[in-house]
Amino acid sequence: MSTYHLATDGDDFEKHYWDEFIKDRFPSYEAFWQKSVAPLTNRPKDIHFKTNPELASISKGPQDICIAQLHYTALRHLARAYEMFNLPRCNLDILTEGMARITGALDVAFELLERYKNPTSYDPWLEKRDASTGRLGGNEARRQWQDANGYPLQHLRNYRNHLIHGRLTPGLIGTDFYVPKIGTESKYFDWRLITDQNNNPGLNTNDLSPACGVLRGAWDETLDYLESSWRSNLL
């Protein structure tokens, strides 16, 4: 295992988020980085990846680069969502982008986990199956992991789908911006159930949460899943 550490040897982005949340909430990110990412780079000369001949000399190849790239991509999605739910107030646009980032981290995680489990089954440079060759890509890897593992955190994806593919979600504007909690969104497809409070005195306010709180809860669930999955499957 590499003797490098994110706090001193990661890129500027990794160094910054080490203290923000990686150290305490996602330590397996560094452990996997030390084991499977840093050796692929030119450290200590620079942080960039080795050439194909250089990789071959250490019994590594394109699949390893693919997995390293996915590993970093998951962190970038998590970090962007982290910045968003730490804003003083979240509006509907921030909630929507934040949920897209969170489920993006999950998509990337599913692909990484499946590619790591079955490294020769998927082409490292294909996003989806190539009809001419039959080679499988990232889309197939993601779906295989989801199918085999009971669609992890699907409720977060359902909420994201509602935000992006459905009508706008209703909200209440007061001391904060309140929206339906994850899992209750389908109860409020009729906006009037929230917006017309005079005619709906029985509105269950327990179904509502500040938008930043919804994001934070989804992020927490996702980070817990990634930490557990990295520890169980990659280390």
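Computed quantities for the displayed model
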| quantity | calculated |
| --- | --- |
| Contact order relative to length of the chain, as percent, for alpha carbon pairs under 8 angstrom and 6 or more apart | 22 |
| Chymotrypsin sites (Phe, Trp or Tyr not before Pro) lying in DSSP loop within the range 135-235, provided at most 13 other Cβ fall within 10 Å | F189, W191 |
| Phi-based couplings in Hz for the range 35-45 (Karplus 6.51, -1.76, 1.60; Gly and Pro marked x) | 6, 10, 10, 3, x, 7, 9, 8, 4, x, 4 |
| Cα coordinate range in the chain, projected on the principal axes (Å, largest first) | 72, 44, 26 |
| Net charge, L235 excluded, C-beta distance under 11 Å - Lys, Arg +1, Asp, Glu -1 | 0 |
| Value at 222 nm in deg cm²/dmol, rounded to 500, when DSSP H runs of n ≥ 4 in the chain each add -39,500 (n - 2.57) | -16000 deg cm²/dmol |
| Over the range 80-213, relative contact order from alpha-carbon pairs under 8 Å, at least 6 apart, % | 25 |
| Proximal charge balance of W33 [Cβ under 13 Å; K/R count +1, D/E count -1] | -1 |
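No value in this document is a laboratory result; all are computed from the given coordinates. Quick caveat: nothing in here was measured; it's all calculated off a predicted structure. Positions of Cβ are generated from backbone atoms using ideal geometry, with glycine treated the same way; all protein chains shown enter the neighbour counts.
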